[in-house]
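To start, the structure under review is shown below, and the notes come after it.
The values are calculated or read from the model by the stated rules, or taken from the named source; none is laboratory data. What you see is a predicted model; the values in this text were computed from it and never measured. Glycine also receives a Cβ, built like all others from the backbone with ideal geometry; neighbour counts cover every protein chain displayed.
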Amino acid sequence: MFDCYDLFDEVQLFYVMKWEIRLHGRGGQGVVTASKIIAEAAFAEGYQSQSIPFFGAERRGSPVTAFTRISEHEIRERSQIYHPDYLLILDPLVMRTVDVFQGLKSGGGVVISSPSAIERDVFPNIELTVGLVDGVGVSIRNDLVVAGNPVVNIPAIGAFLRIFPEISIECVEKIVLEKFGNRSVRALYSSYDETEVFRIRGSREKKKEERKKPEKVWIPASKPAKGVAGITGYWRDFRPVIDYGRCTGCLNCWIHCPEGSISRKNGDVEIDYTFCKGCLVCLAVCPRKAISSEREVSA
Amino acid sequence: MRISAMPEEEYLLEGNSACHGCGSSMALRTVLKALGKNTVLVVPASCTSVYQGMYPNSAIAVPVVNSAFACSAAIASGLKASLEHKGMEANVVVWAGDGGTYDIGLQALSGAAERNEDIIYICYNNEIYSNTGIQRSSATPFGAWTTTTVHGKREHRKDVAELMVAHGVPYVATASSGHLDDLYRKIRKAKSIEGFRYIEILSPCPPGWKYSMERTVEIARLAVETGMWILYEYENGILKFTGVSKAIADGKKRMKDVEEYLLLQGRFAHLNAEEIQEIRRYVAEKWRKFAGMRGDGHVVAAEFFV
């Protein structure tokens, strides 16, 4: 009789190299594009490749995921990636809201775009190769700020190439030049050079999740609450700061804030940084130019 | 309208998932401030139905009924009837995008307008289907890039506010996210009128229109200053220009060239001189038409008749 396990053993004999890459970031940073560029570059290097965006109602600023598969052999899978070999984290703040390391294989690689060093207890307790680069810094220095958002995908790819030797930087250069021009190529090379590569074994302890008993309700109606999309202050790349010496209390910022993050108490306006997304509309509408912006660096 | 006179209460709570610099959440905040607590919102599928959050939480602090695309005006009519039957007073307000108004929801809207249902219908018009990833709608202007019109849309947009004027409803107004004081005043006025009221708000969309997120207010104001968007209200059969549009119509302010508005947006970046000229022609034609409809007894400045 035909035994499917025999077939399974046979497949195991022809072991082919396959890499699975998962990308995390926020809408507007170019996560899906990065996934596509890596897949295209791998294909140009002679591999089979595949790029899948996570499907959902994603908005600019909210957490976004994309997947790339690279293989020496034809790829038949069409699923999301649950056990990646490599992780690209385009924004360190995503780590606070999403369990980015979920399913990461031991001996895998992680690229993190962050302006500051990442603590050891952030990483899971497995052997990892980490490529660390200040992607937003590279992006700003190379004038890659699109519509107010620093695009971090090209710097992240530059860092990824340092820990993933199967794709040459020249190959990626060609694709990036054709699609995005010279500035992006410069960003690619400067992040490739600036990336700090090190090996680490993390010390993160697994948190036990407490399951709440669902409340019994007769009619399932939603109740008003702040933060339905989480702490949206993590979406911020630039922080608006009020100079109270110049503020006249005209309330233009208060009424125009799309988020409602500016409160007015006794005529004084105050920004709630927990939820302010950093769109800087307040800065644009201030008639006295009493609001300035600072780059957000708290990771 | 002084800004400080607007109520401090927030009915659109912070921490929702709207994009940075969202023109529609800016407008919704002001609208809910003007309507007050005693309001029921009917929201069809749209960006708002996503950024309001998921069960068990809601970012909107008034009752919201999420409706199917095609029937928001019909659901609002039913809600109002049942509230009346129970002897309850509340503003029943539809808050729909241009997809839910111009395209899929049009028949229900037209029906409710014809029956003169006692509801307020607000369309926040971002000129695209932004929630599903920037596809063309029938509110998309000529020449604009969307994912389904990659070389620019070849047709001019339709105008549902004008269509509502043609329905002869008690109150029609247009507003913009760049003139929130004007919007606040119009919502307050609509609240005081009985019967079907239609208000359309131009609300710029940073990812869809491809501009830098802090420029939402600037772009919305430029739309009015260049004549691409006309602020007016129609009441008791009389059409009146308001705000900057009134100043332009009275000849007190010069209309800016459309190029100032178009060049700021990535969606118009590919336009050539001919296409820009076509938009100029369209704006002049639109103004001629509205000037002819003007019913407040003023003479229209002659400069649009070029």
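Of all residues in the range B:1-28, which are among the polar types (S, T, N, Q) and either more than 7 Å from chain A (Cβ to nearest Cβ) or in contact (Cβ under 8 Å) with a residue 24 or more places away in the chain (or both)?
Answer for the range B:1-28, where residues must be among the polar types (S, T, N, Q) and either more than 7 Å from chain A (Cβ to nearest Cβ) or in contact (Cβ under 8 Å) with a residue 24 or more places away in the chain (or both): B:Asn16, B:Ser17, B:Ser24, B:Ser25.
Against the definition (under 23 Å from A:Thr232 (Cβ atoms) and surrounded by fewer than 20 Cβ atoms within 10 Å (Cβ to Cβ)), how does A:Ala147 come out, yes or no? Before the answer, list the steps.
Numbers: under 23 Å from A:Thr232 (Cβ atoms): yes; surrounded by fewer than 20 Cβ atoms within 10 Å (Cβ to Cβ): yes.
Against the criterion (under 23 Å from A:Thr232 (Cβ atoms) and surrounded by fewer than 20 Cβ atoms within 10 Å (Cβ to Cβ)), A:Ala147 qualifies.
Give B:Ile219, B:Ile193 a once-over and let me know the one that is more than 13 Å from the chain's Cα centre (by Cα), within 14 Å of another protein chain (Cβ to nearest Cβ) and of a type in the set (A, V, I, L, M).
One residue alone meets the criteria, B:Ile219.
Please verify whether the range B:152-167 includes one or more residues that are more than 14 Å from every other protein chain (Cβ to nearest Cβ), touching a residue at least 60 places away in the same chain (Cβ under 8 Å), more than 18 Å from B:Ile119 (Cβ to Cβ) and in contact with an Asp or Glu (Cβ under 8 Å, 6 or more places away or on another chain).
Taking every residue of the range B:152-167 in turn, at least one turns out to be more than 14 Å from every other protein chain (Cβ to nearest Cβ), touching a residue at least 60 places away in the same chain (Cβ under 8 Å), more than 18 Å from B:Ile119 (Cβ to Cβ) and in contact with an Asp or Glu (Cβ under 8 Å, 6 or more places away or on another chain).
In the range A:120-148, how many are at pLDDT 85 or above, in a loop (DSSP other than H, G, I, E, B) and over 15 Å from A:His24 (Cβ atoms)?
5
Could you please let me know if A:Ser51 is surrounded by fewer than 19 Cβ atoms within 10 Å (Cβ to Cβ) and either in a loop (DSSP other than H, G, I, E, B) or more than 14 Å from chain B (Cβ to nearest Cβ) (or both)?
no
Restricting the range A:270-299 to residues that are facing chain B (nearest Cβ under 8 Å) and surrounded by fewer than 18 Cβ atoms within 10 Å (Cβ to Cβ), which is nearest to the chain's Cα centre (by Cα)?
Across the range A:270-299, the extreme among qualifying residues is A:Thr274.
Just wondering, is there one or more residues in the range A:228-235 that are under 24 Å from A:Val64 (Cβ atoms), in contact (Cβ under 8 Å) with a residue 12 or more places away in the chain and in contact with a His (Cβ under 9 Å, 6 or more places away or on another chain)? Show your work before the answer.
Quick first cut of the range A:228-235, residues under 24 Å from A:Val64 (Cβ atoms) only: A:228-235.
If we keep only those that are in contact (Cβ under 8 Å) with a residue 12 or more places away in the chain as well, we get A:229-235.
Remaining after also requiring in contact with a His (Cβ under 9 Å, 6 or more places away or on another chain): A:235.
Looking for residues that are under 24 Å from A:Val64 (Cβ atoms), in contact (Cβ under 8 Å) with a residue 12 or more places away in the chain and in contact with a His (Cβ under 9 Å, 6 or more places away or on another chain), one finds at least one in the range A:228-235, hence yes.
Which of the residues spanning the range B:287-306 are in contact with a Phe, Trp or Tyr (Cβ under 9 Å, 6 or more places away or on another chain) and at pLDDT 70 or above?
B:Trp287, B:Arg288, B:Phe290, B:Ala291, B:Met293, B:Arg294, B:Gly295
Determine whether the range B:175-184 contains at least one residue that is closer than 20 Å to B:Leu231 by Cα, within 14 Å of chain A (Cβ to nearest Cβ) and surrounded by fewer than 19 Cβ atoms within 10 Å (Cβ to Cβ).
Taking every residue of the range B:175-184 in turn, at least one turns out to be closer than 20 Å to B:Leu231 by Cα, within 14 Å of chain A (Cβ to nearest Cβ) and surrounded by fewer than 19 Cβ atoms within 10 Å (Cβ to Cβ).
Give the residues of the range A:51-102 that are under 25 Å from B:Ser212 (Cα atoms) and acidic (Asp, Glu), sorted by residue number.
A:Glu58, A:Asp91
Scan the range A:125-135 and tell me whether some residue there is without any contact (Cβ under 8 Å) to a residue 60 or more places away in the chain and assigned by TED's automatic domain parsing to the domain that holds A:Arg96. Give the steps one after another, and end with the answer.
First, pick out the residues of the range A:125-135 that are without any contact (Cβ under 8 Å) to a residue 60 or more places away in the chain: A:135.
Retained after the next criterion (residues that are assigned by TED's automatic domain parsing to the domain that holds A:Arg96): A:135.
Yes - at least one qualifying residue is present in the range A:125-135.
Going by the conditions given, is A:Val152 under 14 Å from the mean Cα position of the chain (by Cα), buried (at least 23 other Cβ atoms within 10 Å of the Cβ) and of a type in the set (A, V, I, L, M)?
Yes: the conditions hold for A:Val152.
Please work out which residue is farthest from the other protein chains (Cβ to nearest Cβ), limiting yourself to the range B:196-215 and to residues that are within 20 Å of B:Ala96 (Cβ to Cβ) and touching a Pro at 6+ places or on another chain (Cβ under 9 Å).
Applying the filter and picking the extreme gives B:Phe196.
Tally up the residues in the range A:78-93 that are more than 15 Å from A:Gly109 (Cβ to Cβ), touching a residue at least 24 places away in the same chain (Cβ under 8 Å) and surrounded by fewer than 24 Cβ atoms within 10 Å (Cβ to Cβ), please.
Of the residues in that region, 4 qualify.
Taking the condition in contact (Cβ under 8 Å) with a residue 40 or more places away in the chain, surrounded by 22 or more Cβ atoms within 10 Å (Cβ to Cβ), out of contact with any Lys or Arg (no Cβ under 7 Å at 6 or more places or on another chain) and not in a loop (DSSP other than H, G, I, E, B), does B:Leu41 pass?
Yes: the conditions hold for B:Leu41.
Report whether or not A:Ala187 is touching a residue at least 40 places away in the same chain (Cβ under 8 Å), of a type in the set (A, V, I, L, M) and buried (at least 22 other Cβ atoms within 10 Å of the Cβ).
Here the answer is yes, as A:Ala187 does meet what is asked.
As an exercise: evaluate B:Tyr198 against (1) over 18 Å from B:Ala34 (Cβ atoms); (2) not in a helix (DSSP H, G or I) and give the number of the one condition it does not meet.
(1)
Does the range A:270-291 include one or more residues that are under 24 Å from B:Ala61 (Cβ atoms), part of a loop (DSSP other than H, G, I, E, B) and free of Cβ contacts under 8 Å to residues at least 40 places away in the same chain?
yes
Restricting to helices (runs of 4 or more DSSP H) lying wholly in the range B:225-302: which have 2 or more residues that are in contact with a helix residue (DSSP H, G or I) (Cβ under 9 Å, 6 or more places away or on another chain) and surrounded by fewer than 17 Cβ atoms within 10 Å (Cβ to Cβ)?
Once the helices (runs of 4 or more DSSP H) in the range B:225-302 are filtered for at least 2 residues that are in contact with a helix residue (DSSP H, G or I) (Cβ under 9 Å, 6 or more places away or on another chain) and surrounded by fewer than 17 Cβ atoms within 10 Å (Cβ to Cβ), what remains is B:258-262, B:273-293.
Please determine, by comparing only the residues of the range A:203-251 that are polar (S, T, N, Q) and buried (at least 17 other Cβ atoms within 10 Å of the Cβ), which one is nearest to B:Val64 (Cα to Cα).
A:Ser222
If you check A:Val151 against the conditions, is it closer than 22 Å to A:Thr68 by Cα and within 14 Å of chain B (Cβ to nearest Cβ)?
Numbers: closer than 22 Å to A:Thr68 by Cα: yes; within 14 Å of chain B (Cβ to nearest Cβ): yes.
Criteria met by A:Val151.
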